[in-house]
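Worksheet for the structure shown next.
The values are calculated or read from the model by the stated rules, or taken from the named source; none is laboratory data. Quick caveat: nothing in here was measured; it's all calculated off a predicted structure. Cβ sites come from the backbone with ideal geometry, for glycine too, and all protein chains shown count toward neighbours.
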Amino acid sequence: MVDAHCHLYDEKLNEIRQTILNNIDKTQQICICSADNVFHSFQCIKLAEGNKYVYATVGTHPHEAIEFSDDDLEVYANMCKNKKVVAIGEIGLDYYYDLDTKELQKEVLKKQIVLADKLGKPCVFHIREAMGDFLEIIKEYRDYFKNSSVIHSFSGSVESAKILIKYGFYISINGICTFKNASKILDVIKEIPLNRMLIETDSPYLAPVPHRGELNRPEYVELIAEKIAELKGISLREVLIETENNAKRVFNIN
């Protein structure tokens, strides 16, 4: 059982972090701790170095684009020498809050895509209200995706999911699929193949039902797998095995 995207460093988890880490160690659950800036990238690596089953990503989130500098690329490159760093992320485009930074977000994203290709790392993408522009960038930079990458917390359409899968991407599903108003992502789950799907919590955010409104935890990823199994008419075991194999493949984890 792999949680393909979580934020174990988040201060919201301060009081329960050690409990979570102890459970990860006890259950041998692989967790990908995803960063959003340089400081949190260091924190992700520290957590990964302290736990056998935790891995790290490093990168600058679109909300942090205004703080990004080209010097950060060298910092991330050095971080990627650590064997516990498995991807560049989370990077991407987010037009939900601040449209004034659209061009800056694109510039920062493109630079990090080039870096990931240079380092032979996959990318973990955060795309919100920006799928059209993202697909244009993917087409422009298609030669830079020799390594499969991930769209985390996928919120796009069935059509965009199928396009991304053709480019070799994996679609990561989180607790939103258990919400009452989640018809869009339910259609995606039904239509895309399991061999291109990951499961994630995005802890401490977006806890699945029946924990909605609580702090999310990596162990709740099983509830997401249960929903996928229900929608596809297959066993929970099949979902857990397939998504674990997918995560190990994309993040190059043995």
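Things to note:
- Any hit, region 92-115, residues being touching a strand residue (DSSP E or B) at 6+ places or on another chain (Cβ under 6 Å), surrounded by fewer than 15 Cβ atoms within 10 Å (Cβ to Cβ) and more than 20 Å from residue 55 (Cα to Cα): yes
- Filter result (in a helix (DSSP H, G or I) and not charged (D, E, K, R)) within region 29-49: 38, 39, 40, 41, 42, 43, 44, 45, 47, 48
- Within region 174-210, tally of residues that are free of Cβ contacts under 8 Å to residues at least 24 places away in the same chain and either in contact with a helix residue (DSSP H, G or I) (Cβ under 7 Å, 6 or more places away or on another chain) or crowded, with 20+ Cβ neighbours inside 10 Å (or both): 1
- Of the set (1) modelled with pLDDT under 95; (2) in a helix (DSSP H, G or I); (3) not polar (S, T, N, Q), all apply to residue 97 but (2).
- Within region 228-245, the residues that satisfy the criterion of being assigned to a helix (DSSP H, G or I) and surrounded by fewer than 23 Cβ atoms within 10 Å (Cβ to Cβ) are 229, 230, 231, 232, 236, 237, 238, 240, 241, 242, 244, 245.
A quick yes/no check of all residues on (1) in contact (Cβ under 8 Å) with a residue 40 or more places away in the chain; (2) surrounded by fewer than 17 Cβ atoms within 10 Å (Cβ to Cβ); (3) among the aliphatic types (A, V, I, L, M):
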site: 8; (1), (2), (3): yes, no, yes
site: 16; (1), (2), (3): yes, yes, yes
site: 33; (1), (2), (3): no, no, no
site: 40; (1), (2), (3): no, no, no
site: 49; (1), (2), (3): no, yes, no
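- Only one entry in 160, 155 is at pLDDT below 95, within 18 Å of the chain's Cα centre (by Cα) and not hydrophobic (A, V, I, L, M, F, W, C), namely 155.
- For residue 158: the one exception among (1) in contact with an Asp or Glu (Cβ under 6 Å, 6 or more places away or on another chain); (2) buried (at least 23 other Cβ atoms within 10 Å of the Cβ): (2)
- Residues within region 2-28 that are hydrophobic (A, V, I, L, M, F, W, C) and not in a helix (DSSP H, G or I), tallied: 5
- Members of region 50-84 that are basic (Lys, Arg) and under 18 Å from the mean Cα position of the chain (by Cα): 84
- Any hit, region 96-112, residues being over 20 Å from residue 6 (Cβ atoms), touching a residue at least 12 places away in the same chain (Cβ under 8 Å) and in contact with a Lys or Arg (Cβ under 6 Å, 6 or more places away or on another chain): yes
- Any chance residue 212 is more than 25 Å from residue 13 (Cα to Cα) and of a type in the set (D, E, K, R): no
- Per-region count, region 139-155, residues surrounded by 15 or more Cβ atoms within 10 Å (Cβ to Cβ) and free of Cβ contacts under 8 Å to residues at least 12 places away in the same chain: 0
- Count of residues meeting criterion [more than 18 Å from the chain's Cα centre (by Cα) and more than 22 Å from residue 220 (Cα to Cα)] in region 164-187: 1
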